[in-house]
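A short worksheet on the structure shown next.
The values are calculated or read from the model by the stated rules, or taken from the named source; none is laboratory data. The structure displayed is predicted, hence computed values, not measured ones. Because the Cβ atoms are built from the backbone with ideal geometry, glycine has one as well, and the counts that use them run over all protein chains shown. SASA here: full protein model, heavy atoms, side chains in, ligands and nucleic acids out. Shrake-Rupley method; radii C 1.70, N 1.55, O 1.52, S 1.80 Å.
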Amino acid sequence: VEPQNLDEWKVLIQLSQQYCSVADSQLATDVNGSRWSNGSTDCDGRISPESLILMLARMVGPDRALAVLDECGVQVVLSARSKLVCDLLRVAERRQRAMIQTMLERCDRFLWSQHA
């Protein structure tokens, strides 16, 4: 089930961050810490704040997703992979806007040519 609005995303990211920080503090006291596979992408097998942020970035765009994080005061350090995904999403977003603009201009020219 995906969150339906930005408020639900904020709550979900905050809860995930709280859970991961609790899990992180428990693992710090653990002697071997072998359950921790990757500090940024897995919180004891559960969804991490970083993965939620990437899901949100795919839905609303990376710039809007980062603005949502600032609004709710969530501080997450993105991994190099996540930064790359955000950069790729920005490029795809720009290309999509350019393609839509080109299509609208062509439709406009076509309609005006039919009108004349």
Exercise. Considering region 47-58 alone, what residues qualify as being surrounded by fewer than 21 Cβ atoms within 10 Å (Cβ to Cβ) and of a type in the set (Val, Ile, Thr)?
Worked result: Ile47
For this session: Tell me which of these Ser51 doesn't satisfy, since it passes every other one: (1) of a type in the set (Gly, Ala, Ser); (2) assigned to a loop (DSSP other than H, G, I, E, B); (3) at pLDDT 85 or above.
Result: (2)
For this session: Could you give me the residue pairs with C-beta distances under 8 Å whose first residue belongs to region 51-73 and is on the phi > 0 side of the Ramachandran plot, whose second residue is surrounded by fewer than 17 Cβ atoms within 10 Å (Cβ to Cβ) wherever it lies, and which are 6+ apart or on separate chains?
Result: Gly61/Arg90; Gly61/Glu93
Seminar exercise, completed: By residue number, the members of region 59-104 that are hydrophobic (A, V, I, L, M, F, W, C), within 11 Å of the chain's Cα centre (by Cα) and open to solvent by 100 Å² or more (accessible area, probe 1.4 Å) are Met59
For this session: Among residues belonging to region 58-116 that are out of contact with any helix residue (DSSP H, G or I) (no Cβ under 8 Å at 6 or more places or on another chain) and of a type in the set (Gly, Ala, Ser), point out the one that is farthest from Leu12 (Cα to Cα).
Result: Ala116
